[in-house]
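Following: one structure in structure tokens, then a few remarks.
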Amino acid sequence: MILGDPEVGKSSIFLRYIKNQFDYSYQPSMSVSIGNVVKKVNVPCEAIVSVTLWDLPGREEMDLRRSYYKDVDAAIGLLSFF
């Protein structure tokens, strides 16, 4: 799960990891995006894994995030320092 403040790059990380693309324009996420990718990883040993990423909108008025937290294996949190 990728979560964090608005405008910190959650969707950019999602797009880069899932589709190996990068979009230089900013458009706020209006809904949840879910993508799945199969990757070869070397931690702790070489293995093929299936990774499902959830890109959640950072807007506070869209605070549906808690309903998505159940049974999550890992999360990446991004914060804005400006």
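Sticking with the crude label model, points 7 Å out along Cα→Cβ, report the distance from residue 41 to residue 74 in nm, one decimal please. Between residue 41 and residue 74, the label points sit 0.3 nm apart.
Among 34, 13, sorting on how many other beta-carbon atoms sit within 10 Å of each Cβ, with the fewest leading, yields 34, 13.
Within straight-line reach of residue 39, meaning a Cα separation under 19 Å, sit the following lysines at least 8 residues removed in sequence or on another chain: 19. Among 14, 22, a tally of other beta-carbon atoms within 10 Å of each Cβ gives an order, fewest to most, of 22, 14.
Taken together, the values in this text are just the output of simple stated rules run on the coordinates, not laboratory data. Keep in mind it's a predicted model, so treat the numbers as computed, not measured. Positions of Cβ are backbone-derived with ideal geometry, glycine not excepted, and every protein chain shown enters the neighbour counts.
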